[in-house]
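Visitor: Below you'll find the structure I mean.
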Amino acid sequence: MSEGMLAIATGHVAILSLAFIIYMVVRARRISAEKRLDALVQISRITGDAVGSEEIRHALGADVDPQRLSRWGTVLAVFAIGPIAVGLFSDMPWLLQGGLVIEMLGWGMIIGGKMYPGDQCVTDSA
């Protein structure tokens, strides 16, 4: 491996590490929220309140995260910088094309997250 490829690969690994860390933090927060919700459902069952998880989720305001699309779009857009750089400075045009596709998906998710932030109207049927 030449020194130029090593320099590009080092940057690519750094960007991948950042994307992986962001993914792990978001995943850990989601799993933690699900465990807390399950614990609240179990407590409500023990105390005699037969309240389901949807009622508790609605009461806690733990519905859809409005910035979810923008966050994952940012992760994709940052991740795509590595393949684009490697594709530009190497003899692998397919890597450049793949990086550009990932970059466009990321920007599409960012724009979609800003245009449609996930505001959901909940109507009571009672």
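Visitor: Can you tell me which residues in segment 1-50 are more than 30 Å from G99 (Cα to Cα), among the small types (G, A, S) and not in a helix (DSSP H, G or I)?
Guide: Correct list: G48, A50.
Visitor: Return yes or no: is L6 touching a residue at least 60 places away in the same chain (Cβ under 8 Å), under 20 Å from S90 (Cβ atoms) and hydrophobic (A, V, I, L, M, F, W, C)? Spell out the reasoning first.
Guide: Values: touching a residue at least 60 places away in the same chain (Cβ under 8 Å): no; under 20 Å from S90 (Cβ atoms): yes; hydrophobic (A, V, I, L, M, F, W, C): yes.
For L6, the condition - touching a residue at least 60 places away in the same chain (Cβ under 8 Å), under 20 Å from S90 (Cβ atoms) and hydrophobic (A, V, I, L, M, F, W, C) - is not met.
For every residue, the table says whether it meets (1) in a helix (DSSP H, G or I); (2) at pLDDT below 90.
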{"site": "E103", "(1), (2)": "yes, no"}
{"site": "G113", "(1), (2)": "yes, yes"}
{"site": "P117", "(1), (2)": "no, yes"}
{"site": "C121", "(1), (2)": "no, yes"}
{"site": "A126", "(1), (2)": "no, yes"}
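Visitor: Is it fair to say L37 is surrounded by 10 or more Cβ atoms within 10 Å (Cβ to Cβ), under 28 Å from S90 (Cα atoms) and among the hydrophobic types (A, V, I, L, M, F, W, C)?
Guide: The answer is no for L37.
The values are calculated or read from the model by the stated rules, or taken from the named source; none is laboratory data. Small disclaimer: the values here were computed from a predicted structure and weren't measured. Don't worry about glycine lacking a Cβ; one is built from the backbone with ideal geometry, like all the others, and counts go over all protein chains shown.
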